[in-house]
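**Q** There's a structure below that I have some questions on.
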Number of protein chains: 2
Amino acid sequence: MKKIDGGVTAAKGFKAGGIYVGIKKKRKDMALVYSEVPAKGAGTFTTNVVKAAPVKWGIKITKESPFVQAVILNSGVANACTGKEGEINNQRMAEAMANALNISVASVYTASTGVIGKQLPIDLIERGCVLLAEEMADTIEAGNLAAEAIMTTDTYPKQYAVSFTIDGKEVKLGGMAKGSGMIHPNMATMLGVITTDLSISKELLQEAISENVKHTFNMISVDRDTSTNDSLIIMANGMAGNKEITEKNEDYQKFYEALNMVTRELSKMMAADGEGATKLLEVEVINARSKNDAIILSKSIITSNLVKTAVYGSDANWGRILCAMGYSGVDFDPDVVDLYIESEAGKLKLVEDGMATDYSEDLASKILSAKEVKATADMKAGSDSATAWGCDLTYDYVKINADYRS
Amino acid sequence: MKKIDGGVTAAKGFKAGGIYVGIKKKRKDMALVYSEVPAKGAGTFTTNVVKAAPVKWGIKITKESPFVQAVILNSGVANACTGKEGEINNQRMAEAMANALNISVASVYTASTGVIGKQLPIDLIERGCVLLAEEMADTIEAGNLAAEAIMTTDTYPKQYAVSFTIDGKEVKLGGMAKGSGMIHPNMATMLGVITTDLSISKELLQEAISENVKHTFNMISVDRDTSTNDSLIIMANGMAGNKEITEKNEDYQKFYEALNMVTRELSKMMAADGEGATKLLEVEVINARSKNDAIILSKSIITSNLVKTAVYGSDANWGRILCAMGYSGVDFDPDVVDLYIESEAGKLKLVEDGMATDYSEDLASKILSAKEVKATADMKAGSDSATAWGCDLTYDYVKINADYRS
C-alpha cells in the first residue's frame, strides 16, 4: 500500500468540484463528488437526537438505494433545526443536483455544515448545482477545490489517498473531510467523503465503514460537542475491475487497511486542526482490561479541558490526566498506572505506579512544546489498547466561538 | 427562615480560623472549623476512582465515628496521587490537629485542595495546626479567614448562613465552600464545610446531605472535570437545644430547606466564580418526561464548551443549546422544544417548536450581556424540571489553566 496524491478524485471514475455561490461571505461554499458510473454507497451518521435534514436524507439513501452516484455538499448553513422547510430545501438540493447530472434523485447524497437554525439559500444552491455539473473534473485540482469548499473554521483542506493491489488490479482509495469545531463524532465525522474504484458488495462496504469509524473518526474530539450534521459517506464504483469482494477474505483485509489508513490520517488532521489548536495530542491507553475500557479512558483524557489547557501551556500537569481517567466511569487501580509523554523532543516516564517519578520538568516542558505530542497510559491490567486524538484548548478556541456567527 | 451574616461560625458553639503557613506562595493556606462539643458528622465525597488521601480518610470517619469535632483544611497541595506517604501525611495532619485541640484523632476530618501529585509539606502543616488551635475564634471574622484560606483560584470567599426556628429554639446553619476549577462535582463539591447547632441524628444528617447535593453541588459545572478531592462535610452539634430530630417530620423539612438554601447559594457562587468566568449561567429544563431527563439535559447544556463560549460572546447561538441537548443521551422530540433566555435586561423566546422565532438579535445580545443569565428549555413532554448552574468559557480560563503550576 502506498500514499498517493489527491483525495476524492484519486480513484478511477470520480470527478469533483468546489465553487463559491454566496452562502458564506467570501470563501468557497459548495462541493460535488461524482462517480461516472453507479457506485455502492454506505455511510455513518450522527447519533445526536437533533439530526439535520441532510442527515435524515442520507440515512434513508444508505438504507434504500442500491446504487449512488453523487454527494452534493455545502458549507455556511447546516440545515439543522429548520423543520419541514429544511427538509423540502434538502430535497430540492438533491433534485437540482440529480437533474444537472441526469441521474436519479435517490442516488444523490446531501451534506451541509455551518450555522444551525438558518434555512438554506436554496436559489443560490440550485444555481450552484448546475455550475458544479459543468465545472467538475477528475483532476487532483478538482479534488482540492471540493475539499476547500466544505471548510468552515478549518484552516486547511484535509485529503488523503492510497493505492494498493487486489486481484492483480491497482485499486485507489481517497477521501476528504472537514472538522474544526463541534467535533466529538459519534458514528461519523463532521463531514467526510471517501471514494474508491474497488468492486465490493454494499453490505461489506457498510460493515467496513461502520467498524472503521469506531477506531478513527469516533476517537477524536475537539470540544466534546457531537454535531447535528456528522456524516461520513463512502462510494465504491468498481472501476478498478477487480472481482467483486463479497466476503471477508484477504482482499477485504487489504481494502480495510487502506480505508483505515485514509480515515486515520484524516482523523488526525481534523484533531490537529481543531478550532484554535496549536498542537495535536495523541493519547494511547495500553494494557487495559478491555477494549472498551481503553476507548473510554483515552477519550476521557483527550476531552478534558484541564488536560487540553495544560498541553497548551506545555505544562506536565499529569495529575489532570489521572484525574480525567478517574472520572471516566472505568474502574481501575490508580496505584499501578504508569504515564509517559513523548514527542520529537524525547520521551519521559512521568508517573510510575500512580506516583510522580523524579523527572526533569525542563525536559517535560520541551517535549510538550512540540507540534505533535503523545501521552501513553499503561494500565497494567490486561492487554487491550486504544488511541484517541485531540488538541489543545487555546485563547483562539474561545475567540472563534465567542463570535462564530458575527 | 432568614439570611444572616457569616458562614461556618454563624451557628452556636463553632469556632474557625484561617492562616498562612507557607504551602502557597503568598495567600492563606490553612483553615480550621471546630465545634466546642462533639457533633454529628456526615459527608459526601468524590466519585472519582482516583481519591485523594483526605477523601479516603473522610469516608472512613463518616462511616466509623459517632461524633466529630473538627475539620482541618489546607489549600495549595491536594495530597492526591501521593501513595502511602500521602496517607501517612494525612494521618499526621489529623493527629497534629487532634493533639492541639485535645480531642481524639477519629473526630477530625481532613480536606486538601491544590496541585495533584505533590506531597504535603507536613512540618509546616503540623506547625499550622498548633497555630490554628491558638487563634481560632467564634466570630464572623474568624469564619471569613477560614473561607479565605481554602481558596485556590477562587476570586472571593464563599459563605452563606441562615437562621430558622425549630421546637421554639433558634437554629442557625451556615457554610463555606471553594470552587473555581476542576468543578463538575459528583457526590460533593470541591471543598465545603457546613455547620449547624441543630440537634439531629447522624443517620438523618447523612440522608439530608446526600439527597441535597444531587440538587445543588452536583448541578454545577465549570469544566466537566470531577476532582479527586471533592468533599462536603457537615457538623451538627446540637447546641441550639432543640429536641433531637430522629424522623422526617416537619422539623426535618425546615432543616432541609435551610440546608438547601445555604448549599444552593454556595453552589451558585461557585459557578459564578468559575475559573475565568464573567457570567453565571443558570439553565432550567422544565416539563421533561422525568427528573432524571431534566437533570441530564440541563447539565449537558451548562457543560458544552460551545454554549459557554457563545454566552461569553453574548451570542444567542441557540442551535448549540439544542445540539447539546441532542447529544446528552436523553431521547426527546426536538420539534416541540421551546427555548427562552432572560436576565435583568429582559426575557425572549428564541425557539418555538424546535425552530427560531422572529426574535430581535439586539435584545438577545443585551440579555446575554448581563452578569447573570438564565436559559429555559421547555420540553413539553411531562412535568419534571431541574436547574443547573455554570459559567462562560473565557480567555482567562485558558490563561489560568495553561500555567496553573507556574
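**Q** Pairs only if they're at least six apart or on different chains, beta carbon under 9 angstrom, first in segment A:306-331 and acidic (Asp, Glu), second at pLDDT 90 or above and not in a helix (DSSP H, G or I); list them, first residue then second.
**A** As it stands, the answer is A:ASP331/A:ARG289, since those pairs meet every condition given.
**Q** Which one of A:ASP251, A:ASP223, A:ASP293 is in contact with a His (Cβ under 7 Å, 6 or more places away or on another chain) and not in a strand (DSSP E or B)?
**A** Within the list A:ASP251, A:ASP223, A:ASP293, the selection yields A:ASP223.
**Q** Check off (1) in contact with a Gly (Cβ under 9 Å, 6 or more places away or on another chain); (2) closer than 29 Å to A:VAL222 by Cβ; (3) surrounded by 24 or more Cβ atoms within 10 Å (Cβ to Cβ); (4) not charged (D, E, K, R) for A:MET136 and give me the number that stays unchecked.
**A** Against the list (1) in contact with a Gly (Cβ under 9 Å, 6 or more places away or on another chain); (2) closer than 29 Å to A:VAL222 by Cβ; (3) surrounded by 24 or more Cβ atoms within 10 Å (Cβ to Cβ); (4) not charged (D, E, K, R), A:MET136 comes up short only on (2).
**Q** Then there's this: Of B:MET235, B:MET219, B:MET239, which residue is over 17 Å from the mean Cα position of the chain (by Cα) and either away from every other protein chain (no Cβ under 14 Å) or at pLDDT 75 or above (or both)?
**A** Step by step, each of B:MET235, B:MET219, B:MET239 is checked, and only B:MET239 is over 17 Å from the mean Cα position of the chain (by Cα) and either away from every other protein chain (no Cβ under 14 Å) or at pLDDT 75 or above (or both).
**Q** For the condition more than 30 Å from B:PHE332 (Cβ to Cβ) and free of Cβ contacts under 8 Å to residues at least 24 places away in the same chain, what is the one hit in A:LYS3, A:LYS25, A:LYS15, A:LYS60?
**A** Testing whether each residue is more than 30 Å from B:PHE332 (Cβ to Cβ) and free of Cβ contacts under 8 Å to residues at least 24 places away in the same chain leaves just A:LYS25.
**Q** So which residues in segment A:69-116 are under 23 Å from the mean Cα position of the chain (by Cα) and either surrounded by fewer than 19 Cβ atoms within 10 Å (Cβ to Cβ) or within 14 Å of chain B (Cβ to nearest Cβ) (or both), if there are any at all?
**A** Result: A:GLY76, A:VAL77, A:ALA78, A:ASN79, A:ALA80, A:CYS81, A:SER112, A:THR113, A:GLY114, A:VAL115, A:ILE116.
**Q** Also, I was wondering about something else. Across segment B:333-349, which residue is nearest to the other protein chains (Cβ to nearest Cβ) among those that are surrounded by fewer than 22 Cβ atoms within 10 Å (Cβ to Cβ) and in contact (Cβ under 8 Å) with a residue 40 or more places away in the chain?
**A** Taking the candidates together, the pick is B:ASP333.
**Q** Among the residues of segment B:143-159 satisfying the criterion of being surrounded by fewer than 24 Cβ atoms within 10 Å (Cβ to Cβ) and in contact with an Asp or Glu (Cβ under 8 Å, 6 or more places away or on another chain), which is modelled with the highest pLDDT?
**A** Among those that are surrounded by fewer than 24 Cβ atoms within 10 Å (Cβ to Cβ) and in contact with an Asp or Glu (Cβ under 8 Å, 6 or more places away or on another chain), it is B:PRO157.
**Q** Looking only at segment A:31-45, decide whether some residue is free of Cβ contacts under 8 Å to residues at least 12 places away in the same chain and small (Gly, Ala, Ser).
**A** No: zero hits.
**Q** Next question, about the same structure. Confirm whether A:GLY13 is surrounded by fewer than 24 Cβ atoms within 10 Å (Cβ to Cβ) and either among the polar types (S, T, N, Q) or in contact with a strand residue (DSSP E or B) (Cβ under 7 Å, 6 or more places away or on another chain) (or both).
**A** Answer is yes for this residue.
**Q** Separate question: I'd like to know if segment A:264-271 contains one or more residues that are among the small types (Gly, Ala, Ser), within 14 Å of chain B (Cβ to nearest Cβ) and within 28 Å of A:LEU173 (Cα to Cα).
**A** No, the conditions are met nowhere in segment A:264-271.
Yes/no matrix, rows are residues, columns are (1) closer than 27 Å to A:GLU85 by Cα; (2) more than 12 Å from chain A (Cβ to nearest Cβ); (3) within 30 Å of the chain's Cα centre (by Cα):
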site	(1), (2), (3)
B:TYR327	yes, no, yes
B:GLY354	yes, no, no
B:SER360	yes, yes, no
B:VAL373	no, yes, yes
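**Q** Any residue at all in segment B:381-392 that's facing another protein chain (nearest Cβ under 9 Å) and not β-branched (Val, Ile, Thr)?
**A** yes
**Q** If you don't mind, another one. Can you tell me which residue in segment B:16-47 is surrounded by the fewest Cβ atoms within 10 Å (Cβ to Cβ), limited to those that are outside any loop (DSSP other than H, G, I, E, B) and among the charged types (D, E, K, R)?
**A** B:GLU36
**Q** Return yes or no: is A:ILE295 touching a strand residue (DSSP E or B) at 6+ places or on another chain (Cβ under 7 Å), buried (at least 24 other Cβ atoms within 10 Å of the Cβ) and either touching a residue at least 40 places away in the same chain (Cβ under 8 Å) or under 20 Å from A:THR216 (Cα atoms) (or both)?
**A** The answer is no for A:ILE295.
**Q** Would you check which residues across segment A:243-300 are more than 22 Å from the chain's Cα centre (by Cα) and assigned by TED's automatic domain parsing to the domain that holds A:ALA375 and list them?
**A** Result: A:ILE286, A:ASN287, A:ALA288, A:ARG289, A:SER290, A:ASP293.
**Q** Residues in segment A:55-67: is at least one closer than 30 Å to B:MET325 by Cβ, at pLDDT below 95, out of contact with any Gly (no Cβ under 8 Å at 6 or more places or on another chain) and surrounded by 23 or more Cβ atoms within 10 Å (Cβ to Cβ)?
**A** Looking for residues that are closer than 30 Å to B:MET325 by Cβ, at pLDDT below 95, out of contact with any Gly (no Cβ under 8 Å at 6 or more places or on another chain) and surrounded by 23 or more Cβ atoms within 10 Å (Cβ to Cβ), one finds at least one in segment A:55-67, hence yes.
**Q** Shifting gears a bit: Being at negative phi, more than 7 Å from chain A (Cβ to nearest Cβ) and either in contact with a Pro (Cβ under 6 Å, 6 or more places away or on another chain) or of a type outside the set (Val, Ile, Thr) (or both) is true for just one of B:LEU322, B:LEU306, B:LEU297. Which residue is that?
**A** B:LEU297
**Q** Would you tally the residues in segment B:323-332 being surrounded by fewer than 24 Cβ atoms within 10 Å (Cβ to Cβ), closer than 18 Å to B:ILE286 by Cβ and not small (Gly, Ala, Ser)?
**A** So the answer is 3.
**Q** Tell me yes or no: at least one residue of segment B:325-338 is in contact with a Cys (Cβ under 8 Å, 6 or more places away or on another chain), of a type outside the set (A, V, I, L, M) and in the same structural domain as B:SER290 (by TED's automatic domain parsing).
**A** yes
The values are calculated or read from the model by the stated rules, or taken from the named source; none is laboratory data. The model shown is predicted, which means the values in this text are computed figures rather than measured ones. Note: ideal-geometry Cβ built from the backbone for every residue, glycine included; neighbour counts use all protein chains shown.
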